Amino acid sequence: MSDLRIKLERYESKAAHCMKAAQEAPDEAGRAFYEELANYYDELAADFRRVLAKRTEVSLAAE
């Protein structure tokens with residue numbers, strides 16, 4: 001489970017980094033690129049949050 005949390009944190013960090021890069025982009029094309037990349041990483045992070053939540057529910061139900 002800790003591996004999943006590490007990956008979640010990594011994707012959240014990448015999403016934040018890309019949003020910052022989008023805000024600092026000098027042109028519209030760069031901004032759009034980094035915003036799309038940030039959305040991609042944010043979706044991956046959301047997937048990992050769902051998996052972690054399901055695993056937590058399963059482990060709590062097993063107790």
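The values are calculated or read from the model by the stated rules, or taken from the named source; none is laboratory data. Here the structure is a predicted model, which is why all the values come from computation and not from measurement. Every residue, glycine among them, receives a Cβ derived from its backbone with ideal geometry; neighbour counts consider all protein chains shown. Note: accessible area is taken over every heavy atom of the protein model, side chains too, but ligands, DNA and RNA are not part of it. Shrake-Rupley method; radii C 1.70, N 1.55, O 1.52, S 1.80 Å.
Observations, loosely collected:
- When the range 20-52 is filtered for residues that are of a type in the set (S, T, N, Q) and open to solvent by 100 Å² or more (accessible area, probe 1.4 Å), only 23 remains.
- Subset of the range 8-19 (residues that are within 17 Å of residue 37 (Cβ to Cβ) and open to solvent by 60 Å² or more (accessible area, probe 1.4 Å)): 10, 12, 13, 14, 16, 17, 19
- Among (1) open to solvent by 80 Å² or more (accessible area, probe 1.4 Å); (2) under 14 Å from the mean Cα position of the chain (by Cα); (3) in contact (Cβ under 8 Å) with a residue 12 or more places away in the chain - the single one residue 55 does not satisfy: (2)
- In the range 1-39, the qualifying residues are those that are part of a helix (DSSP H, G or I) and touching a residue at least 40 places away in the same chain (Cβ under 8 Å), and the one that is nearest to residue 51 (Cα to Cα) is 4.
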